[in-house]
Structures are given as structure tokens and as C-alpha cells.
Amino acid sequence: MSMDGADPGERDAADSATQSIAEQWRDDLLSSLDVIEDQPLSERAASYAALHDELARRLDSGPTGAA
């Protein structure tokens with residue numbers, strides 16, 4: 001459902017929630033990258049591949065319609 005007809009307060013709340021989720025994803029990604037970079041070089045490729053798979057799953061589960 002489009003939020004075009006929603007009042008500004010509802011749009012602001014939705015925008016804020018979306019921003020909060022994006023910030024959490026960014027924080028999770030940066031934390032994961034820090035962990036991977038601290039691993040021995042021989043283990044990093046597998047960790048990056050696992051991170052790639054997780055990010056792909058998150059993207060695939062997101063909304064697909066145009067805003």
C-alpha cells in the first residue's frame with residue numbers, strides 16, 4: 001500500500017523506522033567486517049563468502065515494489 005495518502009506524521013514514522021533499520025544493517029555489516037578482518041588470512045575468504053550469502057538473503061527478502 002502506498003503511503004502517498006498518509007498524513008505527514010505517519011510518513012515521518014515510516015521514514016524513521018526505515019532509517020533505523022538501515023542504520024542497524026550498516027552497524028551489523030561494519031561489525032562483521034571488523035570480525036572478518038581480525039581473522040587469519042586463510043579464513044577470510046570463507047567468512048566473506050558467508051557474509052555475501054547473508055547480505056544476498058537480506059536483499060532478497062526486502063520489498064520489491066517501487067516506492
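Structure above, values below:
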read-out: Under 12 Å, Cβ to Cβ, from Leu30 - net charge with Lys/Arg +1 and Asp/Glu -1; value: -4
read-out: Segment 14-67, accessible surface, carbon-and-sulfur percent (1.4 angstrom probe); value: 57
read-out: From phi via Karplus (6.51, -1.76, 1.60), per-residue ³J(HN,Hα) for segment 20-25 in Hz, x at Gly/Pro; value: 4, 5, 4, 5, 5, 4
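The values are calculated or read from the model by the stated rules, or taken from the named source; none is laboratory data. Not measured: the values here are computed from a predicted model. Virtual Cβ from ideal backbone geometry, glycine too; neighbours counted across all protein chains shown. Areas reflect the complete protein model, heavy atoms only, side chains present, ligands, DNA and RNA absent. Shrake-Rupley method; radii C 1.70, N 1.55, O 1.52, S 1.80 Å.
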